[in-house]
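The values are calculated or read from the model by the stated rules, or taken from the named source; none is laboratory data. These figures come from a predicted structure and were not determined experimentally. Cβ sites come from the backbone with ideal geometry, for glycine too, and all protein chains shown count toward neighbours.
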Amino acid sequence: MKTKFILYIIIITGCLSCEKQLDQAPISNPSASNFYRNTADFQQAVAGLYQGLHNPDYGVSHFDLSEVRSDNVYSPGTSGVRDWIPINNFEKASLAANHPIVSAAWNGDYNAILRANTILDKLDATVVPDDAIRDRMEGEAKFFRAFFHFDLVRWFGKVAIFDHVATPTEALTIPRSPVADVYELIISDLQTAITKLPPKSAAAAERGRATTDAAKGLLALVYLTRSGPTYNIEGPGLATNDYAAALTLLNEIIASTRYSLQNTYTSVFSYTNENNAEIIFDMQNVDPGTTADAGLGTQLPSVMYEGAYANAVKIGFAGGIDIDAPKLPSNDLRTSFEGADTRDDFSILPNYTDLNGNFIDRAQFVKFLDLAKKPLVRFNFAINFPILRYADVLLMKAEAILRGGGGGTQAEVDALVKQVRDRAGLSGSVLTNVTLDQLLAERRREFIAEGKRWHDLVRTGKVLDVMTAFDAAEDATNKMNAITANDIIYPLSQAQLSVSPGLYTQNPGY
């Protein structure tokens, strides 16, 4: 993983460290005019685009905002104040009051959009004369500008569109745009990226870089998401019926034969099998070696495991979840697995023994943890985080067919689901006439702890029914508030509303 490209990312991280943390919108970097002078400068800047997945950590953010929010996790808290408790419990006032996880998602996405826009504004033939190199740089910048605008739409609904570098003064005048307008930019950028990005390459220096297939897969997900129900809110669903468009893109990825399922589920997430044939796009996490520097590793395992467990297995500077608010794999999730399903034991540790020899009968997520590959400190787990993998393409295709995309049959849906289930050890339990509910249940088990569950429920119109039933069955302590349609998107923090009073209005219900 320690490729030339990753080293560029480390360099550019330092170059951009002077950028201010965003409270509302991207602010131009005053040194940008002096930096973008030649192809080498732009190569470093493009590498810096990928750092947007680390600030905040994309895997951590989506675990807290999607998994904890969903029926996969039950973490109502017993005492004290933990940042994820209001997310689990649908506490509107706490989430709107500059909540750190929600605010970090907003600020991080806009910082990443700033980087993409800076490249696009500066990029021309006078500084990057090679047409092919310049095209690829444009493709990567537009891929990430679309990627992070899409992230914002799914979390917040209406957001401000930034398609260029705005001055601080201008940024304070740009209002939130209708979701439909944000999607227009996202789709346009991804369509351009598809034409300008190369296919997947086996070269070490290309690992982790955006490709034409990554852009196609992301655009397919955009179409599926935009086609979801509106819930009568200004959220990510517009009921646009783009299923046929999604299906076309997914078929193209499959027909490329560049990807395949790994033979076993565990091998997809092996520290020694990264960048395998199932990975279409991921967040690259670098092992810092013998240093204790934060580097470009991930903290993801440490936001899942309990601190007492981490101390027992001697993870450096262990951290972890305090027992007053463990992020418990829900009973509903755990009982959904069939006995032979290999995804269960690999992803969830049912109990452990603490440092004092006490048996702790409490489950935790361990999907991305390999004790043989422990870092010196918990911030630096070197496992890559999958954002789009081939199993997702197969199951999104099944979804597009079931939702009326055309060009597919029920038998094809069943066959697609069978591929994923067979790999999970369920070849002896064949599903036929797979329904949307069964498909969602399969996605839930396949992508456990990968930050997809909340988005899946919202996109397919199931979130209100599923979460209402989950609340009634799981919330024995009666700490979760009843979900409403307004809870489908997160609020803007008070800081966003205060910077330029009247420019933004709060999402309804908060």
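Has the stretch 397-417 got at least one residue that is crowded, with 23+ Cβ neighbours inside 10 Å, among the charged types (D, E, K, R) and out of contact with any Leu (no Cβ under 7 Å at 6 or more places or on another chain)? Within the stretch 397-417 (the criterion being crowded, with 23+ Cβ neighbours inside 10 Å, among the charged types (D, E, K, R) and out of contact with any Leu (no Cβ under 7 Å at 6 or more places or on another chain)), the answer is no, since none of the residues qualifies. Restricted to the stretch 452-510, and to residues there that are closer than 16 Å to residue 105 by Cβ and in contact with a Pro (Cβ under 6 Å, 6 or more places away or on another chain), the residue that is surrounded by the most Cβ atoms within 10 Å (Cβ to Cβ) is 507. Look at the stretch 394-407: where a residue is free of Cβ contacts under 8 Å to residues at least 40 places away in the same chain and a partner is outside any loop (DSSP other than H, G, I, E, B), sitting 6+ places away or on another chain with Cβ atoms under 8 Å, you get 402/413; 402/436; 402/439.
Let's see how each residue does on (1) modelled with pLDDT of 95 or more; (2) closer than 29 Å to residue 348 by Cα; (3) within 21 Å of the chain's Cα centre (by Cα):
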residue	(1), (2), (3)
18	no, no, no
41	yes, no, no
57	yes, yes, yes
61	yes, yes, yes
65	yes, yes, yes
72	yes, yes, yes
81	no, yes, no
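Considering each residue of the stretch 416-459, count those that are of a type outside the set (Lys, Arg) and in a loop (DSSP other than H, G, I, E, B), and give that number. Break it down into steps so the answer makes sense when it comes.
Restricting attention to the stretch 416-459, the residues satisfying the condition of being of a type outside the set (Lys, Arg) are 416-417, 419-420, 422, 424-442, 446-451, 454-458.
Next, from what is left, pick out any that are in a loop (DSSP other than H, G, I, E, B): 424-435, 447-451.
Adding up the residues that qualify gives 17.
For the stretch 188-205, a residue qualifies if it is touching a residue at least 12 places away in the same chain (Cβ under 8 Å) and under 21 Å from residue 254 (Cβ atoms), and the qualifying residues are 190, 191, 193, 194, 195, 197, 198, 199, 200.
Sort out which residues of the stretch 368-385 are assigned to a loop (DSSP other than H, G, I, E, B) and either crowded, with 20+ Cβ neighbours inside 10 Å or touching an Asp or Glu at 6+ places or on another chain (Cβ under 8 Å) (or both), and write them in order of number. Explain how you work it out, then say what you get.
Step one: list which residues in the stretch 368-385 are assigned to a loop (DSSP other than H, G, I, E, B), which gives 368-370, 374-377, 382-384.
Listed by number, the residues that qualify are 368, 369, 375, 377, 382, 383, 384.
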